[in-house]
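Reading through the structure tokens given below for one structure.
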Amino acid sequence: MAYTILVGVDYSLYLVADADYAPGGDLPGLVEAAVDGGVTLVQLRAKSLAPGLFIELGRALAARLAARGVPFLVNDRVEAARACGASGVHLGQEDMPVAEARRLLGPRATIGVSVNTAAEARRAEREGADYVGAGPAYATSTKQTDLVVLGPQGIGLIARATTLPVVAIGGIDAGKAGELAAAGARGIAVVSAILGAPDARRAAQDLIQAFKHSQ
């Protein structure tokens, strides 16, 4: 079965807007500031948020991002992605299969898969994913994991194993963005480097400049 990949997606600076990381904060406002600074793609992640509140937040983000022409994805929750009008979904290794997500969201949805090995990246490609999120690139406190830290070398191995765009994630700041671009990453995904910064717009500017300069 052929899948229609949504062309023109810029994966360069991918913000994982984690509602659990910024409790009580103005997440839509932070996202808007980050987009003004250069974020090219946004994913909403909120593991502990109730479904109704998640959809409400997702709809608010979807509306603001649509006005700026920035794709909006949802982490894990495929039905919520449909309900809030997201461009697609990002799936973990234990989440819904890509084919089922594709059936529910349609051929033009953008579907990404988290990977930690070249074998997982190749499988995601066979199953019809549009990109892979490879990590952790570096040690990170944002998400608890027992996975192997990849470093630029591991990111490079995954990038060479698949024709899909590879987005590096985990422990990335502006000082590390360049070596990931040089390793073959099509983009970098961050949480705290933007959401935890004093100025989300400036943080995004620094990250995108560092990444683009080394491509």
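Against the condition surrounded by fewer than 20 Cβ atoms within 10 Å (Cβ to Cβ), at pLDDT 95 or above, under 14 Å from P136 (Cβ atoms) and among the β-branched types (V, I, T), how does V149 come out, does it pass?
Numbers: surrounded by fewer than 20 Cβ atoms within 10 Å (Cβ to Cβ): yes; at pLDDT 95 or above: yes; under 14 Å from P136 (Cβ atoms): yes; among the β-branched types (V, I, T): yes.
Judged against the criteria, V149 is a match.
If I ask for residues that are of a type outside the set (A, V, I, L, M) and either buried (at least 24 other Cβ atoms within 10 Å of the Cβ) or closer than 13 Å to V167 by Cα (or both), which ones from the stretch 118-136 would you list? First the steps, then the outcome.
The initial filter retains those residues of the stretch 118-136 that are of a type outside the set (A, V, I, L, M), namely 120, 122-123, 125-128, 130-131, 133, 135-136.
Correct list: D130, Y131, G133, G135, P136.
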* Asked: In the stretch 166-184, which residues are surrounded by 20 or more Cβ atoms within 10 Å (Cβ to Cβ) and in contact with an Asp or Glu (Cβ under 9 Å, 6 or more places away or on another chain)?
  -> A177
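Conditions tested, residue by residue: (1) farther than 30 Å from R123 by Cα; (2) in a helix (DSSP H, G or I); (3) among the polar types (S, T, N, Q).
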position: G8; (1), (2), (3): no, no, no
position: L15; (1), (2), (3): no, no, no
position: G25; (1), (2), (3): yes, no, no
position: V31; (1), (2), (3): yes, yes, no
position: V39; (1), (2), (3): no, no, no
position: Q43; (1), (2), (3): no, no, yes
position: L57; (1), (2), (3): yes, yes, no
position: L65; (1), (2), (3): yes, yes, no
position: Q93; (1), (2), (3): no, no, yes
* Asked: Of everything in the stretch 129-186 that's touching a helix residue (DSSP H, G or I) at 6+ places or on another chain (Cβ under 9 Å) and among the hydroxyl-bearing types (S, T, Y), which residue is farthest from Y11 (Cα to Cα)?
  -> S141
* Asked: For Q43, are the conditions met, namely being crowded, with 19+ Cβ neighbours inside 10 Å and either modelled with pLDDT of 95 or more or small (G, A, S) (or both)?
  -> yes
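Residue by residue, here is whether (1) under 27 Å from C84 (Cβ atoms); (2) of a type outside the set (A, V, I, L, M, F, W, C) holds:
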site: S114; (1), (2): yes, yes
site: V132; (1), (2): yes, no
site: A137; (1), (2): no, no
site: T140; (1), (2): yes, yes
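The values are calculated or read from the model by the stated rules, or taken from the named source; none is laboratory data. Bear in mind that the values here come from a model prediction, so they are computed numbers and not experimental data. Neighbour counts are summed over all protein chains in view; Cβ atoms, including those assigned to glycine, are modelled from backbone coordinates with ideal geometry.
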